1. Tell me which residues come under 5 Å, amide H to amide H, from Gly54 once H is placed; ignore anything under 5 positions away on its chain.
2. Taking amide H positions as placed in the peptide plane 1.01 Å from N, state which residues far from Leu106 in sequence (5 or more) or on other chains have amide H under 5 Å from it.
3. Would you please give the residues with an amide H less than 5 Å from that of Gln89, counting only those at least 5 places away or on a separate chain, with H modeled from the backbone geometry?
4. Once you put a point 7 Å from the Cα of Val17 and another 7 Å from the Cα of Asp42, both along the Cβ direction, what distance in nm separates them?
5. Please give the length that would be gained between Asn6 and Gln142 if that part of the chain were fully extended, namely 0.36 nm times their separation in residues minus their C-alpha to C-alpha distance (nm, one decimal).
Amino acid sequence: NSGTLNEEVLDAALVAVDKEADLAVLATPKRGAVCLEPGPVDELLETAPLWVAGFPLGEKFAIIERGPEVTLGRGTVTALRHDDQGRLQTIQTDAAFDPGNSGGPLTDAEGRVLGVAQSIVVNNRSLNFAVPITAANALLAQARPAHPQPPRGKVTFCAVPDGDLYLDGQA
């Protein structure tokens, strides 16, 4: 609800970081948030439609004190980049990314998260990259929470206003 009267700022703890992938997982005690489910990245093909959510140019679009409202951009998968072991490393897309989209979800038509917006080729709005959701899943699997007992139960991803991930894993 960024930029609206229902905007809410949440406290969060850093749970895990993958500096190489430029990815972090944050946990918050908030319950009942609307969440996005992970999508079928293994079924992803070039030319598949997708959407990116974020806050391009951040505060510059904030016409009120509360902050900017979310922007959605549409595009397609233009390439799937794999490592030497055949694992998906990067989703390349022509969806428009701007500063402020980094960390935002890349979703399919059903709103399932396929990746996390990561990088932009400057001055080229058709060559942008996202970390696949499988990297976030791997990071969650090795995460060490800030509280004494690790979370148990269903893990759900959800975009929060600044593009971070919400972890709902408490039993």
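1. Excluding prolines and chain starts, which carry no amide H, the hits are Thr71.
2. Under 5 Å from the amide H of Leu106: Leu114, Gly115, Val116, Ala117.
3. Here Arg81, His82, Asp83 satisfy the definition.
4. In this crude label model, Val17 to Asp42 measures out at 3.2 nm.
5. Working: separation 136, 0.36 × 136 = 48.96 nm, distance 3.39 nm.
Extra length available between Asn6 and Gln142 comes to 45.6 nm.
The numbers here are math on the coordinates, done by the rules we state, and not lab data. Since this is a predicted model, take the numbers as computed values, not measurements. All Cβ positions, glycine included, derive from the backbone under ideal geometry; neighbour counts span all protein chains shown.
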